[in-house]
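What follows is a set of notes on a single structure, which appears directly below.
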Amino acid sequence: MRRYLRWLLAVAAFGFGYIGYVYLTLPDVRMLARENPTTTSFMRLREREARYDDRRFTIRQQWVPYRRISQHLKRAVVVTEDAAFFDHDGIDLDEIKASLERNWEEGRFVRGASTITQQLAKNLYLSPSRNPVRKLRELFITRRLEASLGKRRILEIYLNVIEWGDGIFGCEAAARAYFGKSAADLSREEAALLAAAIINPRELSPAEPGRRLLRRQQIVLRRMGGATS
């Protein structure tokens, strides 16, 4: 019994120590309140993948401030990716509960629960891996982002850095690549199409929308009346 208790204490001490290490090695996100990120973890990942495949790869990105992003796009992305974005503190507990229930019913992973802030944490600093340690770091970074930045700034950064195709990052590059116009001038339908593609941006192309993407666009359009930005 005594040996078992010592083992439990050792495991607990290791666990607390490791969590402390993870927390202390998190990135400092406070600079994002005044500085725009020049690169992201996902951009560097795609560059490494291209080098490994020995293919040419160019990142297309052009930063635009929040006021020069179409209200349609802001609304479309929020209702698609995180309808409660302006109400939660970075982690949507209701959505996590719904996700767990759905995945339990299906017996497999069919629904995620990541908020926009969590997605931003992953894009800026982490990887697409579902490793539990990566997820723990994501949660810590999410709370730091929410504590250091306002919702508008979080959404501004998110819309400027997320992947929207092969080498296409951010809404301005996506708007120009797919529609030949600025992100400020996107129509309701164009915004919904871009938002619908976020789930798998390298497979779902707004340039040549297939049946799945068009179906998702219609779902987004039906939701777009219920979010503010």
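When each of the peptides 132-141, 174-183, 52-61 is scored by how many other beta carbons lie within 10 Å of its residues on average, the order from highest to lowest is 174-183, 132-141, 52-61.
Gain on full extension, evaluated as 0.36 nm per residue between PHE86 and LYS135 minus their Cα-Cα distance, stands at 15.4 nm.
Each peptide among 78-90, 152-164, 199-211 gets the average number of other Cβ atoms lying within 10 Å of its residues, and from highest to lowest they stand as 152-164, 78-90, 199-211. At an R0 of 41 angstrom, the distance between the Cβ atoms of GLU208 and ASP28 translates into a FRET efficiency of 0.50. Amide H contacts for ILE198 (H built 1.01 Å from N in the peptide plane; partners 5 or more residues away or on another chain; cut-off under 5 Å): none found.
Report the net charge of residues surrounding GLU163, where surrounding means a beta-carbon distance below 10 angstrom and charges are Lys +1, Arg +1, Asp -1, Glu -1.
So the surrounding residues net to +1.
Amide H to amide H, with H built 1.01 Å from N, ILE168 comes under 5 Å of ARG60, counting only residues 5 or more places away or on other chains.
Whole-Hz Karplus values for the range 190-199 come out as 5, 4, 5, 5, 5, 4, 5, 7, 4, 4 Hz, taken residue by residue from phi with 6.51 cos²θ - 1.76 cosθ + 1.60 and θ = phi - 60°; glycine and proline positions read x. Per-residue 3J(HN,Hα) values for the range 130-147, derived from phi via the Karplus relation 6.51 cos²θ - 1.76 cosθ + 1.60 with θ = phi - 60°, read 9, 4, x, 5, 4, 5, 5, 4, 4, 5, 5, 5, 4, 5, 5, 4, 5, 6 Hz in sequence order (x marks Gly and Pro). For the range 64-74, backbone phi angles converted through the Karplus equation (6.51, -1.76, 1.60; θ = phi - 60°) give residue-by-residue couplings of 10, x, 3, 5, 9, 10, 3, 4, 4, 5, 4 Hz, Gly and Pro being listed as x.
Since every read-out is calculated from the coordinates, none of them should be taken as a lab result. All of these numbers come straight from a predicted model, not from anything done at the bench. Note that each Cβ is placed from the backbone with ideal geometry, even for glycine, and that neighbours are counted across all protein chains shown.
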